[in-house]
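Where a number appears in this text, it was derived from the coordinates with a stated rule and is not lab data. Everything numeric here is computed off the predicted structure, so don't read it as measured data. No Cβ is skipped: glycine too gets one built from the backbone with ideal geometry, and neighbour counts run over all protein chains shown.
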Amino acid sequence: MRKIKLFMTSFVVVAAALAIIGGAWAAQSPQIPLAGKAIPQFMQPLPILSVQPGGTMATVLGNQPLEIHMCEFDANVLPLGTIAPGVQTTTKVWGYIAGTSCPTTPQDTYIGPVIVNNRGSSTDITWVNNLGNTATSGLTFWKYSTDQTMHWADPINWEMNDCAMTGGIPAFGSPCAQNYSGPIPGVVHLHGGEVPPELDGGPDAWFTSDGAYAGHGYYTFPGAPANAATYKYPNTQEAGPLWFHDHVLGATRLNVYAGLAGAYFIQDPALALPANLQPLTEVIPVVIQDRTFDTNGQLFMHADSAGGVLWTPNPEHPYWVPEFVGDTIVVNGKAWPYLNVQSKRYRFLFVNGSNARTYDMNLVNTVTKTMGPPIWVIGTDGGYLDTPVKLDPNLGQKLTMQPGERYEVIIDFAGFAGATLVINNTGRTPYPKGAAPMGTTLGRIMQFRVAPGTVVDNSYNPALGTPLRTGAQVINRLANPATGTLAAGVTVQKTRQLSLNEVMGAPITTIDPVTGILTAYPGGPLEILVNNTKWSGTNRPDFTPITVNGVTTYYSELPREGDTEVWEIVNQTADAHPIHLHLVQFQLINRQMYNVNTYTAAYNAAYGQGPVPLPAGCTPGIFCPAYGPPLSYDPALNLLSGGKYGGNPDVGLLAKNRKPVYLQGPVMPPAANEAGWKDTIITYPGQVTRIAVRWAPTDLPTNTAAAVLYFPFDPSDFNGHGYVWHCHIIDHEDNEMMRPDVVTLNPLAPAPIGRPLQMGIDY
């Protein structure tokens with residue numbers, strides 16, 4: 001029988017439990033990293049959709065019940081001869097496999113499958129966790145990278161997370177310095193899905209491979225096996241490119257790195273697109289990831305001092321790094337692949353599936369060193385743009401993508417017959433001011449080999465400017481991308497100003513909890529927070545406590561269905577963060593620079609003026625990590641937030657002369673390729689990023705009556721299945737840069753019992 005969370009807090013209990021379980025990994029990883037420059041490039045063809053000639057990436061139709069297994073298997077990720085001359089070395093990976101069993105022979109790729117269904121036709125999937133146990137898994141990196149000092153799923157200890165709550169530096173050899181040992185948890189999140197909270201696949205909805213344990217947010221449609229969950233996705237939203245991936249609390253970075261990711265298309269036969277637009281059967285997904293391998297061709301993760309390099313900046317989290325970046329580019333599960341193309345137009349779906357790496361991309365002719373064809377953007381996370389957008393490399397324009405973002409693009413290879421082109425990457429790490437990628441390795445993503453000669457091409461030509469959407473099917477505008485303001489007729493019910501914060505660890509020389517060796521730690525990010533608040537929140541009067549199965553979470557974002565909100569995200573960290581909201585698509589209004597030093601001084605000075613006394617160790621006027629916002633979240637209870645919810649000093653404050661105190665320069669409207677529906681947006685350091693979020697379906701016009709602004713299902717479930725918003729650098733997400741939110745019902749809309757989709761019947 002599956003065990004749902006029982007709340008305990010005794011460190012003695014968790015230590016005893018770990019001792020009873022035994023076999024926990026406590027030694028340093030035995031893996032030795034293989035330099036990315038040692039891996040041959042452009043030796044393997046890109047896996048493409050199986051409906052295409054020679055395709056190797058599985059495609060399944062979502063209009064029938066599906067069974068998809070989370071499996072461990074071998075895949076041909078590295079080229080022949082990488083490890084030993086003439087030998088094809090396989091790599092142990094995890095992946096989603098459609099069917100009734102896991103593969104027993106090496107697979108061409110771990111990415112996929114690609115699921116396609118029509119709007120309005122539900123996709124019923126039973127997700128089966130067959131990942132096994134750490135004792136039997138062949139993924140060495142996973143077994144030596146789980147970090148029990150972080151707030152994570154903690155399956156066999158019933159989510160109690162005593163190691164995280166105890167805090168501090170774990171003692172060498174102590175239970176908290178050990179890796180996890182036991183059945184492997186998993187859960188599937190449909191990224192970009194407009195779905196009921198029960199189907200969101202949130203971080204607390206995990207379930208283990210043996211069916212014995214599940215998070216307090218676990219849900220399934222009746223009839224699923226103990227190690228599975230059945231989700232019936234309604235697909236009521238507009239056509240668009242979604243993707244699905246693992247979302248286990250505190251272990252997302254490990255499960256996705258192992259390979260758990262696939263693509264999901266919703267198409268709408270009623271959408272009047274140009275007749276000659278390449279159909280979905282011709283779309284080529286391009287899932288871009290970075291990886292590091294060991295000298296045996298297996299996945300390698302930066303943790304503690306594996307391979308003789310100190311990767312971890314702070315001993316408090318011995319197996320966690322702030323941002324994992326690999327030294328090898330993997331596309332669709334292949335290291336530096338190539339694709340043979342003709343001199344015509346092709347339609348691609350670009351997905352940034354990396355843990356932390358940002359890509360700045362254009363095409364370059366590797367022989368002449370001249371620029372290749374432009375990238376034409378035709379769609380964003382949430383669907384088609386109204387008109388195509390040209391990114392011209394000759395004007396220095398690039399397609400920038402952070403983790404979680406998707407763009408549908410067209411590339412026209414006409415005029416490049418016989419050429420060899422490479423997708424070039426200049427994205428710095430950390431983005432945007434970190435180290436530039438090495439041009440001969442991370443500066444290359446994949447290769448296109450254009451066949452000689454010309455071909456007749458009658459497909460949609462974006463260069464002609466023919467609109468993609470017309471008439472009543474154009475994007476319903478919440479924001480005016482031309483002016484960087486709200487669109488005409490948009491009424492905002494609430495403005496939130498929310499901060500992004502980094503908690504830094506100081507340099508320290510101490511005993512390494514993993515090896516027992518005296519080690520000089522350089523210090524660095526200890527955890528990253530949204531609105532200076534941890535995942536579970538803080539017990540303070542301006543937060544709302546909700547308890548499910550013994551777990552109490554303190555909520556600060558409780559948006560109301562049908563409302564339009566403006567979120568002003570103030571990035572106070574040194575890096576860009578891709579902020580992702582579950583359930584909804586939103587629109588970027590603008591970005592604006594602010595004086596970081598001046599605002600930070602005012603922000604820090606506000607500590608001590610909040611709704612509860614500062615905890616021990618914090619001083620008024622100085623930033624207090626994880627306290628929450630410095631002021632009351634409700635603007636009616638403080639005088640400094642300018643009427644904005646969030647509890648932060650107003651970054652838009654005006655002086656007596658009506659000039660901005662903190663904001664600098666004009667607002668910057670969204671780039672043309674960002675001017676569509678998005679669920680993941682780049683928030684740059686030193687900037688305020690403003691988005692317009694409407695908690696309702698995207699196809700409802702701006703002037704829709706309030707009583708009609710509702711979802712076809714109940715989005716308000718308070719039983720542990722609510723939504724989340726977070727940074728999609730999944731190393732950050734795993735270490736507190738994520739907050740839950742619960743949607744409250746539109747009081748003017750029909751009650752849940754009167755809506756088209758009913759829990760227990762339709763999902």
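What to note about this one:
- Beta bridge orientation in segment 474-574: antiparallel %, DSSP, nearest 5: 70 percent
- Shape call, segment 531-610: gyration tensor on alpha carbons, a/c limit 1.5: oblate
- Using C-alpha pairs under 8 Å with a sequence gap of at least 6, the mean separation divided by the residue count of segment 292-378 gives a relative contact order of 16 percent.
- Shape analysis of segment 480-754 yields a ratio of the Cα radius of gyration to the Kirkwood radius, Rg/Rh, of 0.98.
- Largest first and in whole Å, the equivalent-ellipsoid semi-axes of segment 253-297 read 35, 12, 7, each the square root of five times a Cα gyration tensor eigenvalue.
- For the chain, Cys with no neighbouring Cys Cβ under 4.7 Å: C727
- Using every pair of separate Cα atoms, the Kirkwood estimate puts the hydrodynamic radius of segment 615-763 at 19.4 angstrom.
- All other residues whose Cβ lies under 9 angstrom from that of A258 are scored, Lys and Arg at +1 and Asp and Glu at -1, for a net of -1.
- Computed on the Cα trace of segment 187-340, the radius of gyration divided by the Kirkwood hydrodynamic radius gives Rg/Rh = 1.04.
- Structure-derived volume of the Cα convex hull per residue in Å³ - corresponding label in (1) 470; (2) 154; (3) 201: (2)
- The chain, relative contact order [Cα under 8 Å, separation at least 6], %: 14 percent
- Rounded Å value of the spacing that divides the Cα centres of segment 654-700 and segment 506-562: 27 Å
- Over segment 286-344, the hull volume per residue, using the convex hull of the C-alpha atoms, is 99 Å³.
- Pairs of Cα atoms farther than 15 Å apart, segment 578-653, %: 61 percent
- Charge tally in the Cβ shell below 15 Å around L78, where Lys, Arg are +1 and Asp, Glu are -1, L78 excluded: -1
- Diffusion coefficient (Stokes-Einstein, Kirkwood radius over C-alpha pairs, 10 °C, 1.306 mPa s) for segment 328-473: 99 µm²/s, rounded to a whole number.
- Three-way shape label, segment 394-468, alpha-carbon gyration tensor, a/c 1.5: oblate
- Surrounding net charge for S137, when Lys and Arg each add one and Asp and Glu each subtract one, Cβ distance under 9 Å: +1
- Here the contact order of segment 480-754, divided by its residue count and restricted to Cα pairs under 8 Å and six or more residues apart, works out to 29 percent.
- Compactness index (Cα Rg / 2.2 N^0.38 Å), segment 613-674: 1.47
- Computed from the Cα positions only, the extents of segment 421-579 along the three principal axes stand at 66, 50, 35 Å, in decreasing order.
- Whether segment 3-273 is rounded, prolate or oblate, judged on the alpha carbon gyration tensor where a/c under 1.5 counts as rounded: oblate
- All Cα-Cα separations within segment 699-757 were binned at 5 Å from zero, giving a P(r) of 4, 16, 18, 18, 15, 12, 10, 7, 0, each value a whole percent of the pairs.
- Considering only the chain, percent of DSSP beta bridges that pair antiparallel, nearest 5: 75 percent
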